[in-house]
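Heads up: the structure comes next, in structure tokens.
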Amino acid sequence: MRLQNRKEMNLSKIDELLEKVSNLYAEKEQDIEELRVKLLGKKGEITALFDEFRTVAPEYKREFGQKLNVLKNAALSKIEELKAKAEERGSSEKASFDLTKPGDKMDMGSRHPISITRQEILSIFKKFGYSVAEGPEIEDDWHVFGALNFPPEHPARDMQDTFFINNQSDNNILLRTHTSSVQVRTMESMGLPIRVVCPGRVFRNEAISARAHCIFHQVEGLYIDKNVSFADLKQAVLLFAQEMFGADTQIRMRPSYFPFTEPSAEVDVSCNICKGKGCNICKGTGWLEIMGCGMVDPNVLKASGIDPEVYSGFAFGMGIERIAMLKWQVKDLRHYFENDVRFLKEFETVI
Ligand code: PHE
């Protein structure tokens, strides 16, 4: 009889606790932990029932034990459920935005020194009335060499170690070695007079070093009209040099050779670092080479259908990397291609 009562007492306690467990509620993780300890901790109510289980008469142990396990599992899963909900709430709180807070500062990009220099060169020539023309990087032999008075098989073609594109049907396709090809295209398509600057990437099969790269950028210029003389060329180059390197800049021209110009010259500017006195940038000479130029060869005019008896013109070409190196005293050309952020950041303040 005593055992019978005891069994009933415990079963009703289990039912009571089951009811309590199903209504358990807490939001904070700390409160949930408190509930767990109250029920399942060392001195917890459910733990106490497990202790009592030992005193239950053997014939009731099975039923009692089963019920007790149901209670324990219900309590465990309730606690887990509350914890999961609390966690979910916590992470969604973290993810929600405070719309009144200022945004994260974004790092601004800046223009690449080659783009800055290209733009500066072009804007100087635009002021002089030149327009800008661009053309394809993959070219044919005619536009890069043939129309520019490079005779077939002439060693002059080797002057500009060319990347040929191996195309079985046609091996005249190549990567342009200079943007003079755009000048040819302009002569073919544009009415006269012509005053144009041609910026772009060019390709030469050269070993990469501090002073040379197989890809670089050029701006070439062409001016064709009636009565254009070498004096006009000299004046255009001088004005450009003074705009680019400073009003006190001097130029000098040294005789040179290009198949497409006659006469031809290399242009030097007075060293803007030592003002002509001689330093390690100009290697003690006081002069820095900046471009090639010359009067357009009559054969070049003829090849594009322009009458050299009526028209004459001049052309010039410069490497953008070289101008940028002189302007900012960058000693290694490879910096322009590696895009190391520490290098690029130096140009952030240049507009
Ligand atoms: N095309 C020449 C070069 O790439 C530069 C140049 C252009 C020289 C026009 C003279 C006249 O080196």
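Checking each residue in the stretch 191-219 for being within 13 Å of the ligand (Cβ to nearest atom), in contact with a Cys (Cβ under 9 Å, 6 or more places away or on another chain) and under 21 Å from Phe164 (Cβ atoms) picks out Phe203, Arg204, Glu206, Gln218. When Met159 is tested against the conditions (1) more than 16 Å from the ligand (Cβ to nearest atom); (2) modelled with pLDDT under 95; (3) in a helix (DSSP H, G or I), the lone failure is (1). Tallying residues that are small (Gly, Ala, Ser), in a helix (DSSP H, G or I) and free of Cβ contacts under 8 Å to residues at least 12 places away in the same chain within the stretch 39-83 yields 2. None of Leu175, Leu222, Leu239, Leu148 is away from the ligand (no atom under 14 Å from the Cβ), surrounded by 14 or more Cβ atoms within 10 Å (Cβ to Cβ), hydrophobic (A, V, I, L, M, F, W, C) and in contact (Cβ under 8 Å) with a residue 12 or more places away in the chain except Leu239. Taking the criterion of being within 20 Å of Val132 (Cβ to Cβ) and part of a loop (DSSP other than H, G, I, E, B), the residues of the stretch 95-121 that qualify are Arg111, His112. Yes or no: Ala74 on the phi < 0 side of the Ramachandran plot, among the aliphatic types (A, V, I, L, M) and at pLDDT below 90? Against the criterion (on the phi < 0 side of the Ramachandran plot, among the aliphatic types (A, V, I, L, M) and at pLDDT below 90), Ala74 does not qualify.
Are any of the residues in the stretch 253-264 part of a helix (DSSP H, G or I) and within 14 Å of the ligand (Cβ to nearest atom)? Scanning the stretch 253-264 turns up no residue that is part of a helix (DSSP H, G or I) and within 14 Å of the ligand (Cβ to nearest atom). Of the residues Ser131, Ser115, Ser123, Ser181, the single one that is at pLDDT 85 or above, under 30 Å from Trp328 (Cα atoms) and within 16 Å of the ligand (Cβ to nearest atom) is Ser181. Scanning the stretch 285-301 turns up at least one residue that is within 11 Å of the ligand (Cβ to nearest atom), in contact with a Pro (Cβ under 8 Å, 6 or more places away or on another chain) and not charged (D, E, K, R).
The values are calculated or read from the model by the stated rules, or taken from the named source; none is laboratory data. Model, not experiment: these values are computed from the prediction. Backbone-built Cβ (ideal geometry, glycine too); neighbour counts: all protein chains shown.
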